[in-house]
Every structure is written in C-alpha cells, then in structure tokens.
Amino acid sequence: MIRRLARRTGIAIAVVAAVFGLFAVVFAATGKAPAAVVFPAASIEPGALPEGVSILRWGRGFAVVTSERSDYVRALYGRGALLVLPLRKSGCLALRPSPA
C-alpha cells in the first residue's frame, strides 16, 4: 500500500516536472511573454542582469523580470538562472492576444 502510494507520488512529481521543463524549453526558444519568473533569484544578482532586462518584482527565491529583447530568456540562463518561466496575467498557457 505504501509502495503504491510512493510510486504514484513519484509519477505525479515526474509529470509536473516534465510539464515545467517543457514550458521552460519552449519559452527559452520563443521568449514571447510580457514577463518572466526567474528561479532561483539568488543565482543572479540584480546588478548582473543582462542588458535591457528590467526587474518588476524581486521576491524571496524568485524574480519577475521583463524585457523588449527577444533573447532575454536565454541571456538569463546564461547568467545562472536555473528555471525561467513565462508570466502572463491569465496564466502560462493564455492563448488570447493581449489587448493593444
């Protein structure tokens, strides 16, 4: 019983990790989102952010940044970010275009 629960928990964790990994890979390739959440924020000093990247919020363990650069996500990974995910008002998978 405990082994079955541990196995199911492990599978659920692996699925969630795979989804987040897929988001990160697609976002690194496209860089299309109004903002990004960077984990862990401690891996990048605020003064060492890539050129053209602005801080919207600096929290404990994460940072919310934005940029007009198309390659800013890859630049954040180059500066030591472990995970960079898109941040949108209506969720990561919002497919509606933002109003102009």
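The values are calculated or read from the model by the stated rules, or taken from the named source; none is laboratory data. What you are looking at is a predicted structure, and each value in this text was computed from that prediction instead of being measured. All Cβ positions, glycine included, derive from the backbone under ideal geometry; neighbour counts span all protein chains shown. Only protein heavy atoms, including side chains, enter the accessible area calculation; ligands, DNA and RNA are left aside. Shrake-Rupley method; radii C 1.70, N 1.55, O 1.52, S 1.80 Å.
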Seminar exercise, completed: Of every hundred units of 1.4 Å-probe accessible area on segment 7-85, the number belonging to carbon and sulfur atoms, as a percent, is 64 percent
For this session: State to the nearest 20 debye the size of the charge dipole of the chain about its Cα centre, where the only charges are +1 on K and R beta carbons and -1 on D and E beta carbons.
Result: 640 debye
Seminar exercise, completed: With bins of 5 Å, the percent of all Cα-Cα pairs of segment 15-61 per bin from 0 is 4, 17, 24, 24, 22, 7, 2, 0
Exercise. For the charge dipole of the chain, defined by +1 on Lys and Arg C-beta atoms and -1 on Asp and Glu C-beta atoms about the Cα centroid, which residue among ALA48, GLY31, ALA12 has the Cα displaced farthest towards the positive pole?
Worked result: ALA12
Problem set entry | Mean ellipticity per residue at 222 nm, deg cm²/dmol - from DSSP H runs of n ≥ 4 across the chain, formula -39500 (n - 2.57) | -12000 deg cm²/dmol
Problem set entry | Å² of accessible area per residue within the chain, as computed with a 1.4 Å probe and no ligands counted | 71 Å²
Exercise. Quick one: if the Förster radius is 30 Å, what FRET efficiency do PHE20 and THR66 give, using the C-beta to C-beta distance and rounding to 0.05?
Worked result: 0.90
For this session: Compute the length gained on full extension between ALA28 and ARG57: take 0.36 nm times their separation in residues and subtract their Cα-Cα distance, giving the result in nm to one decimal.
Result: 8.4 nm
Exercise. Using a basic spin-label model with each label point 7 Å from the Cα along Cα→Cβ, how many nm lie between ILE13 and ALA48?
Worked result: 2.9 nm
Seminar exercise, completed: With every protein chain in place, the accessible area of LEU56 for a 1.4 Å probe, in Å² rounded to the nearest 10, comes to 110 Å²
Problem set entry | Ratio of the Cα radius of gyration of the chain to 2.2 N^0.38 Å, where N counts its residues | 1.24
